[in-house]
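The values are calculated or read from the model by the stated rules, or taken from the named source; none is laboratory data. Keep in mind that this is a model prediction, so the values were computed, not measured. For the accessible areas, the whole protein counts, side chains as well, though only heavy atoms, and no ligand, DNA or RNA atoms are used. Shrake-Rupley method; radii C 1.70, N 1.55, O 1.52, S 1.80 Å.
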Amino acid sequence: MAQVEATTERIVAADAEKVFDAVADYSGTRGKVLPEQFSEYEVREGGDGEGTLVHWKLQATSKRVRDCLLEVTEPTDGELVEKDRNSSMVTTWRVTPAGEGRSRVVVTTTWGGAGGIGGFFEKTFAPKGLGRIYDSLLGRLATEVEK
């Protein structure tokens, strides 16, 4: 089983604190900025950063749907980690200042991929597909926080 990683980043025209607060706002902003690949979104505990438990289904391809139940932690300032209870998937959000009134948002998702030929295709194509999904999400986040 090989480790698979997908990373997406974007510069957002808003202060890092405002952007991080939006990323950590599972009860409000996060539900609004999820693209169509996410469904059945539900905050089950908390709703603001550390201690949140959130559920969604992620349709990565027409045939691949992940049922995700994520525990949220904030290990350091500007960092949010979502660990899926249903798989090895971990998504880390990092928000850092990028000049006056701007932020860099980096989203990295890792998981234990399949072995064999299926694992080769997963490691080759899944990061690109997930990157497109998160690029869409970051675009919607930018639109929301740049208002």
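Amide H to amide H, with H built 1.01 Å from N, T52 comes under 5 Å of G47, V72, counting only residues 5 or more places away or on other chains. Quarter the surface of the alpha carbon convex hull of the chain and you get the mean projected area, 8.3 square nanometres.
For region 9-15, putting each phi into the Karplus relation 6.51 cos²θ - 1.76 cosθ + 1.60 with θ = phi - 60° gives couplings of 9, 7, 8, 10, 7, 7, 4 Hz, in residue order, rounded to whole numbers and with x for Gly and Pro.
Running a GNM on the chain with Cα contacts under 10 Å, which residue among Y26, Y41, Y134 ends up with the highest mean-square fluctuation? Judging by the Gaussian network model, the answer is Y41.
Please give the per residue accessible area of the chain, computed with a probe of 1.4 Å over protein heavy atoms only, in Å². Before the final figure, lay out each step's value.
Values: 7640 Å² over 147 residues.
The answer is 52 Å² per residue.
Of the cross-linked pairs K18/K147; K32/K128; K32/K147; K57/K83; K63/K128, which ones have a Cα-Cα span greater than 18 Å in the structure shown?
Numbers: K18/K147 11 Å; K32/K128 23 Å; K32/K147 14 Å; K57/K83 14 Å; K63/K128 16 Å.
Cα-Cα > 18 Å for K32/K128; rest within.
In whole percent, how big is the carbon plus sulfur part of the accessible area of region 11-56, probe 1.4 Å, protein atoms only?
Values: 890 of 2140 Å².
Carbon and sulfur atoms account for 42 percent of the accessible area of region 11-56.
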